[in-house]
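A.B. asks: The structure is given below, and queries will be raised subsequently.
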Amino acid sequence: MKGVIAIAMRDMVIDKFGREKWEEGLARAGINKEPMLLPISDIEDSVVLKIVSALCDVLHLSQEKLADEFGDYWVNIYSQKIYASYYMGCNNAKQFLLKMDNVHVITTKNMLGAHPPRFDYEWEDEKTLIMHYKSSRNLIDFLMGLIKGVGKFYGENLKVLKIGTDKVKIEFPY
Ligand code: HEM
């Protein structure tokens, strides 16, 4: 996974829970010295998953809750500093989420070693979207947290339901 995700996770934990918790999480994941991280660095998926699991233990949070905290931070704070233009170009959560497949392709095109998640879109009716998640990483809880973060950003009360290991149903209020 690209370093940008790990950097955002680190910043989220430090901002919301304190630096000691981040350091405790790393130690619990068996990482004694924090490596220098750049947004384009590559971190093995297994290491990222180990850190996620250690952070859940240290913070006493389920993976769903940690993913919600991350999704909120990534959408509303971290990505606003570097990717704000993607949000500006959309008037609502629906438009933004429909761009996500393309945005992941575009933003990782020149990042060697990236394997971005891909999304297929299926409309159940005009207010109900099923987002099919295609990734070998099985991070559907993170997908859920990120979608909730998008709802918050656009001030919309989205209903987000996990309906399988690779699909999420989103009910829009409009
Ligand atoms: C402008 C906003 C966003 C940008 C620029 C962005 C970019 C990225 C990048 C660079 C990665 C790492 C890919 C890799 O290491 O191969 C990633 C991972 C991920 N992104 Fe986004 N992302 C954005 C918003 C979102 C949103 C809103 C969602 C959900 C709807 C989402 C879902 C995910 C998931 C689930 C992953 C984890 C990797 C996986 O499951 O395979 N992202 N994103």
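Since every read-out is calculated from the coordinates, none of them should be taken as a lab result. All figures in this text were calculated on a predicted structure; none of them were measured in a lab. Counting neighbours? That spans all protein chains shown, and the Cβs are built from the backbone with ideal geometry, glycine included.
A.B. asks: Once the other residues with Cβ under 15 Å from the Cβ of Glu64 are scored (Lys, Arg +1; Asp, Glu -1), what is the net sum?
C.D. replies: So the environment of Glu64 carries a net charge of -2.
A.B. asks: Shifting gears a bit: Treating only the Cβ of Lys, Arg, Asp and Glu as charged (+1, +1, -1, -1), what charge dipole size does the chain show about its Cα centre? Round to the nearest 20 debye.
C.D. replies: 220 debye
A.B. asks: Label Lys65 and Glu23 with points 7 Å out from Cα along Cα→Cβ: what is the distance between them in nm?
C.D. replies: It is 2.4 nm.
A.B. asks: A further question on this structure: On a 0 to 90° scale, report how tilted helix 19-28 is relative to the longest principal axis of the chain, with both axes built from alpha carbons and the result rounded to the nearest 10.
C.D. replies: It works out to around 80 degrees.
A.B. asks: A further question on this structure: What is the local net charge at Glu156, summed over the other residues whose Cβ is closer than 13 Å to its Cβ (Lys, Arg +1; Asp, Glu -1)? List each step's numbers first, then the result.
C.D. replies: Values: positive: Lys94, Lys127, Lys148, Lys152, Lys159; negative: Glu171.
Surrounding charge for Glu156 is +4.
A.B. asks: Count neighbours as other Cβ atoms within 10 Å of each site's Cβ, and list the GluC sites (Glu not before Pro) in region 1-106 that are DSSP loop with at most 14 such neighbours. Let's see the in-between values first.
C.D. replies: Values: sites: Glu20, Glu23, Glu24, Glu44, Glu64, Glu69; in loops: Glu44.
For GluC sites (Glu not before Pro) across region 1-106 that sit outside H, G, I, E and B with at most 14 neighbouring Cβ atoms in 10 Å, the list reads Glu44.
A.B. asks: Another question about this same structure. In the structure displayed, which of Lys50/Lys152; Lys33/Lys167; Lys33/Lys169; Lys21/Lys109; Lys33/Lys99; Lys2/Lys99 lie more than 30 Å apart, Cα to Cα?
C.D. replies: The pairs that break the limit, which is 30 Å between Cα atoms, are Lys33/Lys167; Lys33/Lys169; Lys21/Lys109; Lys33/Lys99.
A.B. asks: While we're here: Grab the Cα-Cα distance for Ala114 and Asp45, subtract it from 0.36 nm times how many residues apart they are, and report the gain in nm with one decimal.
C.D. replies: Difference between extended and current length: 23.7 nm.
A.B. asks: Name the residue farthest towards the positive end of the dipole of region 3-61 from the options Val48, Phe17, Met36, assuming +1 on Cβ of Lys and Arg, -1 on Cβ of Asp and Glu, about the Cα centre.
C.D. replies: The Cα lying farthest towards the positive end belongs to Phe17.
A.B. asks: Right, something else. Please give the net charge around Ile106, taking every other residue with its beta carbon less than 15 angstrom from that of Ile106, where Lys and Arg add +1 and Asp and Glu add -1.
C.D. replies: Values: positive: Lys2, Lys99, Lys109, Arg118; negative: Asp101.
Computed value for this residue: +3.
A.B. asks: Would the chain count as rounded, prolate or oblate if I go by the C-alpha gyration tensor, calling it rounded below 1.5 in a/c and otherwise prolate when a/b exceeds b/c, oblate otherwise? Write out the running numbers ahead of the final one.
C.D. replies: On the way: a/c = 1.75, a/b = 1.57, b/c = 1.12.
Cα axes put the chain in the prolate bin.
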